[in-house]
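Step one of this worksheet: look at the structure below.
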Amino acid sequence: MFSGVITPAALERLSVIHQKQLWNYLHGRSKPGKTQIEKIEKALQKLGAELISIAL
């Protein structure tokens with residue numbers, strides 16, 4: 001998933017899904033529903049767009 005790339009705290013801020021719930025998804029304790037998956041996807045797409053827009 002996102003382990004080692006983005007922290008749960010950062011993904012929480014982007015997706016508005018609590019860190020504990022993200023941890024549960026990451027470690028297989030629960031499975032995200034369709035809505036939660038969409039929130040995570042949108043959050044990662046937003047992060048990607050922000051990174052692409054950075055001019056060095």
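Laboratory data are not the source of any read-out in this text; all were calculated from the coordinates shown. Given the structure is predicted, the values throughout are model-derived calculations rather than measurements. Every residue, glycine as well, gets a Cβ built from its backbone with ideal geometry; the counts of neighbours run over all protein chains shown.
Annotations for the structure displayed:
- Entry note, the chain: the mean residue ellipticity at 222 nm calculated from DSSP H runs of n ≥ 4, each adding -39500 (n - 2.57), is -19000 deg cm²/dmol after division by the residues and rounding to the nearest 500.
- Ordering 29-42, 6-19 by mean Cβ neighbour count within 10 Å, with the highest value first, yields 6-19, 29-42.
- Potential lengthening between K20 and T35 on full extension [0.36 nm per residue; Cα-Cα distance subtracted]: 3.7 nm
- Paramagnetic reach from I54 (point 7 Å along Cα→Cβ, amide N under 20 Å) across segment 11-31: 11-15
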